Structure formats: structure tokens, C-alpha cells
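Chemist: Pasting in a structure now, in C-alpha cells, and then I'll have a few things to ask.
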Amino acid sequence: MSGRGRYQGDGIGLVDDKGRVAIPSALRTTLAANTPKSNGKDGGTIVIGAHQRHPCLVAYDPNYLDILAEKLDRREAENTHADGEFDYNIKRRAASGEAVPFDGSGRFIMPRFPRFHAGIGEHAFFYGVFDYIEIWDPKTLVDTPDAPEIMKSMARFYMAEKGVAL
């Protein structure tokens, strides 16, 4: 994955009635750098899907799709039984995703099903995980037992700044 920017950063976004939300600046900069538009304009495409294990979303640039597929191919090969069968859910869990455009300010419309699946309401917490971005409903994140305490603390901090206690 050399030459690719890594997603680091975090932030909270207000989600409007239509599901529009803005990607925090640090994450948006990396996203745009990983998939620059050929016409040199701002904005681009972000892929949004359900996380393989947690009640949140994953988001990444379209170029990451090939890297993800290679990782899943290896995992499938490593878990193939003598009879040639493997766990078909390896790729099924990761196949969820919808490419959506984002504008120069990072605003995009969160696809309806992934948003429903993750329980994202009025606020979306963004967290860079190097290869991709996780998007959480802040309350769900705080209530997830195996989520890292630092992420929970960040969600509480950002929501407190908005006057909302978690």
C-alpha cells in the first residue's frame, strides 16, 4: 500500500434529514489525495458500507477496493479446507459498499441502508483507522463493549461540545 495516504483523524458530523454529512477535514484531505479527480476539481468518491463485525460503517476511497479484495482472497485461501470448501462469509461480510460522491467541502449523502444498519441518527462520529474510516453513531460506539476507550472518550468529548451527554 505504499504511496497511499493513511486515514488518521477524527471528528463529529451533523447528519441532516436527507442523510447529508461532511467528512472531517483531515480525513477528507487523505481521501481526496488517494483518488484525485482527473479534472483537478475538489471532491471525489467515497465508498460506504457496513463494518464486517461492529455496528458501524466503513468508508474508503475506491482505490482501496482492490487492496481489500486481495486481503480477502488471501484470507479465503488460508481458510480453504482439503475438500476445496471455504467460509463463504469471508467476502460476504466485506462486500457491502456503495460508492457516493462528495463535494469540495466533504459533504456526501450517506446511503440509507448502511445508515439504518449502523443506527446513525443526527450525529456521525468519524475515526481514521489507517486503511479506512469508521463511521459510528456516537451512542452506539459508547455502548459497544469491545470498542477502544479512546474512541469512546473522543465521542463523548465531541458530543459534549455540542451540548449532548452520552
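The values are calculated or read from the model by the stated rules, or taken from the named source; none is laboratory data. Everything quoted here is computed from the prediction, not taken from an experiment. Note that each Cβ is placed from the backbone with ideal geometry, even for glycine, and that neighbours are counted across all protein chains shown. These accessible areas exclude ligands, DNA and RNA; they are computed on the full protein's heavy atoms, side chains included. Shrake-Rupley method; radii C 1.70, N 1.55, O 1.52, S 1.80 Å.
Chemist: In what sequence, highest mean first, do 98-104, 110-116 appear when ranked by Cβ atoms within 10 angstrom?
Modeler: By packing density, highest mean first, the sequence is 110-116, 98-104.
Chemist: Turning to a different aspect of this structure: Using label points projected 7 Å from each Cα along Cα→Cβ, tell me how many nm separate residue 76 and residue 37, to one decimal.
Modeler: 3.4 nm
Chemist: Calculate how steeply helix 25-34 sits against the longest principal axis of the alpha-carbon atoms of the chain, using the helix alpha-carbon long axis, and give the answer as 0 to 90 degrees to the nearest 10.
Modeler: That works out to roughly 40 degrees.
Chemist: Another question about this same structure. Among 48, 68, 31, pick out the residue whose Cα is farthest towards the positive end of the charge dipole of region 1-88, where Lys and Arg carry +1 and Asp and Glu carry -1 on C-beta, about the Cα centre.
Modeler: 31
Chemist: Does the chain classify as rounded, prolate or oblate by the C-alpha gyration tensor (a ≥ b ≥ c root eigenvalues; a/c under 1.5 gives rounded; else a/b over b/c gives prolate, otherwise oblate)? Don't skip to the end; give the middle numbers.
Modeler: On the way: a/c = 1.92, a/b = 1.28, b/c = 1.50.
The shape class here is oblate.
Chemist: How do 73, 16 rank by accessible surface area computed with a 1.4 Å probe, from largest to smallest?
Modeler: Ranking 73, 16 by accessible area, largest first, yields 73, 16.
Chemist: To the nearest 10 degrees, how steeply does helix 64-78 sit against the main Cα axis of the chain, on a 0 to 90 scale?
Modeler: 40 degrees
Chemist: What's the tally of Lys pairs in the chain whose alpha-carbon atoms lie under 28 angstrom apart, where the two lysines are 8 or more places apart or on different chains?
Modeler: For the chain, qualifying lysine pairs total 10.
Chemist: What is the angle, in °, between the Cα long axis of helix 149-161 and the longest principal axis of the Cα atoms in the chain? Nearest 10 is fine, range 0 to 90.
Modeler: 30 degrees
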